[in-house]
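Have a look at the structure below, then the notes.
None of the figures in this text is laboratory data; all of them are computed from the coordinates on show. Since the structure is predicted, the reported quantities are computational estimates derived from the model, not experimental observations. When we count neighbours, we look across all protein chains shown, and the Cβ atoms used for this are built from the backbone with ideal geometry, even at glycine.
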Amino acid sequence: MEIEKKDQELFENMKNSLKELVRIPSVKGEAEEGAPFGKDVRDALAYVLSLAESLGFRTVNYDNYIGEAVYGDGKEEMAILCHIDVVPVGKLSDWRFPPFSATETEGKIFGRGTMDDKGPAIVCLYCMKALKDEGYFPAKKIKLIFGCDEESGWGCIRHYREVAELPRFGFSPDADFPVLYAEKGILHLKFFFDADPRLVSLKGGERINVVCDRCVSISPLNENFIPTDDVKKEGDELVSYGVAAHGSMPEKGKNAILPMLSLLAENGLADHRIVETLFDDSIGLKTLEDETGKLTVSPNVIDLENGKIAVSVDIRYPATIPFRVVEEKIAQIAPYEILSHQRPLFNDKNSFLVQTLLKIYNETTGSDLQPMAIGGGTYARALQEGTAFGPEMPGEESTVHQPNEYVSLENLKLQWIMYKKAIRTLSE
């Protein structure tokens, strides 16, 4: 599918801007003065706001927590909620090209954030520019919002609410086409299990919403350990490897924590209930299900804390299941603390917002699809009336949160066509 001839130069400029943004390694870092989520995230925000100004939009920087580009002066407001922070890259050896190189080859641009969510953010910005150049003036004030902490706790959204007011209505280009009507609840917990004092160290995972791809331990087992298919010996450590994936779709990855815990439990060095409850689901958490899907459990971070094995778990629960039902189940596992909790998003499939975006997708692609529900969570749930729209296409390989993340040029063109239509239609 091709974009309109008059937009082709802007499209090429958009590609170059996306590459420049991807080259900023905006993984959350240590907070410092003027950089609540680290210097690299601050630099990414500065880049997109400077770019927006150069394209003729008013911008606001809310203390380097979050920023926005503003288009129009209408009394009613509309939000397009994106984020420019990214998850860690994992093992560099798993990447074909350096993860922040924005390498273009084979009809694709490779790099962390190309799909999640720098690509859609830059596409939406340039679609606003294209509409502006055509002389379109929106009836609603459009706020293209660039969040800086979507992957790690939404501190950016909390700050925005403290210093400004979110629009009531809008969409987030941070999930799937054709359009979403529901997102599962997202519950991040830390469980505490007994540890044998002979267990010197145990560590795995970088982010609670990314399937663990490396786990290491030191214990008496290390001395005469014979390597297995799942656990190797590297220097003084035992190491197990997995495959990273998005925490909402743990089945797409391979969790490195499981073989390590199984080995330790078999030798009396770890509580066997960790594997039984969090991996084998002995309490039946994963039996909870509704039209939005099954509950998923992904134990993604493990460490030793004060003589306990601490396991941080990403749970996505069905949108219509009451939270108290989930609570009753998790209380049977082990002592825990809630790290964060986002209530589900559930829209009427026949609402104006959902049906408008669905029509844009179906007319553009010649499809006849219906609204979807996902386990992932987007900024859409921060709005009174919000939903997620793209950028991943049905049947398209997903590399979000995985090595070799990429966006295809064909996908970028489809994003351009549909986001331009969506921005105009929803802001009229």
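Odds and ends about this structure:
- Net charge of neighbours whose Cβ lies under 9 Å from the Cβ of Lys140, counting Lys and Arg as +1 and Asp and Glu as -1: -1
- Linear extension gain, Val60 paired with Glu337, 0.36 nm per residue minus alpha-carbon span: 96.1 nm
- The range 185-342 - Debye-derived log10 I(q)/I(0), Cα point model, q = 0.10, 0.15 Å⁻¹: -0.34, -0.75
- For the range 27-36, putting each phi into the Karplus relation 6.51 cos²θ - 1.76 cosθ + 1.60 with θ = phi - 60° gives couplings of 7, 3, x, 5, 5, 9, 4, x, 9, x Hz, in residue order, rounded to whole numbers and with x for Gly and Pro.
- For semi-axes √(5λ) of the Cα gyration tensor in Å, computed directly from the structure shown, the correct entry in (i) 39, 25, 25; (ii) 39, 23, 20; (iii) 82, 28, 21 is (ii).
- Straight Cα distances below 18 angstrom link Lys254 to the lysines Lys91, Lys203, Lys232, Lys286, with same-chain residues fewer than 8 positions distant left out.
- ³J(HN,Hα) computed for each position of the range 236-243 - Karplus, 6.51 cos²θ - 1.76 cosθ + 1.60, integer Hz, glycine/proline x: 8, 10, 8, 9, 10, 10, x, 10
- Distance (nanometres) between label positions extended 7 Å along Cα→Cβ at Leu92 and Ser351: 4.4 nm
- Taking the range 242-259 and a reference point 7 angstrom along Cα→Cβ of Glu266, the backbone N atoms nearer than 20 Å belong to 242-243, 254-259.
- Electrostatic dipole magnitude of the range 185-342 [Cβ: Lys, Arg +1; Asp, Glu -1; Cα centre; debye, to 20]: 260 debye
- Whole-Å distance, taken between Cα centres, linking the range 351-382 and the range 109-156: 17 Å
- Magnitude of the charge dipole, the chain, Cβ model with Lys/Arg +1 and Asp/Glu -1, debye to 20: 760 debye
- Given charges at Cβ of Lys, Arg, Asp, Glu: the chain dipole, positive-most of Asn362, Gly113, Phe191: Asn362
- Ordering of 416-427, 232-243 by packing [mean C-beta count within 10 Å, highest first]: 416-427, 232-243
- Distance violations [Cα-Cα > 26 Å] among Lys39/Lys132; Lys28/Lys118; Lys184/Lys308; Lys19/Lys129; Lys5/Lys129: Lys39/Lys132; Lys184/Lys308
- Straight-line cross-link partners of Lys349 among the aspartates and glutamates, defined as a Cα under 17 Å from its Cα and at least 8 positions apart when in the same chain: Asp176, Glu183, Asp290, Glu291, Asp368, Glu385.
- Placing R0 at 30 angstrom, the Cβ-Cβ distance between Glu20 and Glu305 gives a FRET efficiency of 0.15 after rounding to 0.05.
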